[in-house]
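Here is the structure we will look at, set down as structure tokens.
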Amino acid sequence: MTSEDLAELMRTRRAVRKFEDRAVPDELVTEILEAARWAPSPANLQPARFIWVRDAGLKHQLQDLAGESKELSAYWDPIFRPDGKSGLVNDLIRPTVIAVCSDPAKSLTNVHADNGFEWAAAMSIYAMWLRAQSLGLGAVFVQHWITEKAKRILNVPLRWTFLGTFTCGYAVESPTGTRLPREELVSIDRFPGPAHP
Ligand SMILES: Cc1cc2nc3c(=O)[nH]c(=O)nc-3n(C[C@H](O)[C@H](O)[C@H](O)COP(=O)(O)O)c2cc1C
């Protein structure tokens with residue numbers, strides 16, 4: 001792979017939410033989990049853990065909870081209603097499901113932050129997302145969970161943080177992407193504009 005290929009992969013990675021009813025071969029899932037394993041973490045503490053949810057019964061429980069989670073959010077924000085912009089309940093049945101959790105005890109306490117365990121997990125999620133794309137799979141990370149209920153389904157200790165689920169599979173949609181222009185995202189030397197607007 002050339003550096004241009006990598007740039008292209010990063011540019012064309014999208015959130016894919018509709019999947020064929022076709023299992024991803026175990027070898028590919030293992031490759032994706034390897035990408036997670038090699039992600040960076042503060043002081044290499046490796047706080048994140050990955051649960052490959054293979055059991056159909058557990059997947060159905062997660063599917064029900066995904067619906068319940070959206071329904072709860074819709075109480076506050078109508079975009080999560082079934083007819084809203086973000087009303088689609090994510091598919092937990094067809095794709096491969098990898099739940100991501102992380103251990104708050106495996107964090108450095110430094111002067112400004114003790115949330116490195118979440119950053120580490122996030123980096124592993126992006127690594128899996130890109131690796132899945134490179135293997136010809138579509139993927140999405142889903143953060144939208146009533147987390148304590150998800151933890152109960154998957155036997156995650158209460159004090160751990162449940163980041164969400166990474167799902168990947170054979171895409172049946174090709175979403176397009178947009179981003180803000182670079183000038184709006186990047187400034188040179190100092191934050192742009194007045195500090196007290
Ligand atoms: C931290 C995080 C949480 C996300 N949570 C959800 C989610 O709960 N459900 C979902 O369908 N997509 C979720 N996404 C996917 C985003 O909606 C998607 O990445 C974004 O709209 C940009 O689209 P693109 O990835 O196709 O460029 C999440 C993405 C991130 C990074």
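The values are calculated or read from the model by the stated rules, or taken from the named source; none is laboratory data. Note that this is a predicted model, so its numbers are computed, not measured. Cβ placement follows ideal geometry from the backbone for every residue including glycine, while neighbour counts extend to all protein chains displayed.
Here are some notes:
- Set side by side, the residues Leu163, Leu92, Leu130 differ, and just one is touching a Cys at 6+ places or on another chain (Cβ under 9 Å), modelled with pLDDT of 95 or more and either crowded, with 16+ Cβ neighbours inside 10 Å or not in a loop (DSSP other than H, G, I, E, B) (or both), which is Leu163.
- Verdict on Glu68 being in contact with a helix residue (DSSP H, G or I) (Cβ under 8 Å, 6 or more places away or on another chain) and either more than 24 Å from His144 (Cα to Cα) or not in a loop (DSSP other than H, G, I, E, B) (or both): yes
- Number of positions in segment 166-179 that are surrounded by fewer than 23 Cβ atoms within 10 Å (Cβ to Cβ) and not basic (Lys, Arg): 9
- Residue in segment 17-50 that is farthest from the ligand (Cβ to nearest atom), counting only those that are in a loop (DSSP other than H, G, I, E, B) and in contact with a Leu (Cβ under 8 Å, 6 or more places away or on another chain): Leu45
- Selection of segment 105-127 for residues being away from the ligand (no atom under 12 Å from the Cβ), part of a helix (DSSP H, G or I) and of a type outside the set (Gly, Ala, Ser) yields only Phe117.
- Every pair of residues 6+ apart whose Cβ atoms lie under 9 Å, when the first sits in segment 89-116 and is within 15 Å of Ala66 (Cβ to Cβ) while the second is more than 16 Å from the ligand (Cβ to nearest atom) and among the hydroxyl-bearing types (Ser, Thr, Tyr): Arg94/Tyr170; Pro95/Tyr170
- On inspection, Thr147 does not qualify as closer than 19 Å to Asp21 by Cα, within 20 Å of the chain's Cα centre (by Cα) and polar (S, T, N, Q).
- Among the residues examined, Gly84 qualifies as among the small types (Gly, Ala, Ser), surrounded by fewer than 17 Cβ atoms within 10 Å (Cβ to Cβ), modelled with pLDDT of 95 or more and touching a helix residue (DSSP H, G or I) at 6+ places or on another chain (Cβ under 8 Å).
- Residues of segment 142-183 that are more than 16 Å from the ligand (Cβ to nearest atom), over 30 Å from Asp26 (Cβ atoms) and free of Cβ contacts under 8 Å to residues at least 24 places away in the same chain: Glu148, Leu158, Glu183.
- Residue within segment 72-80 that is acidic (Asp, Glu), at pLDDT 95 or above and surrounded by 14 or more Cβ atoms within 10 Å (Cβ to Cβ) present: no
- Of the criteria (1) at pLDDT 95 or above; (2) touching a Ser or Thr at 6+ places or on another chain (Cβ under 8 Å), which one Pro42 fails: (1)
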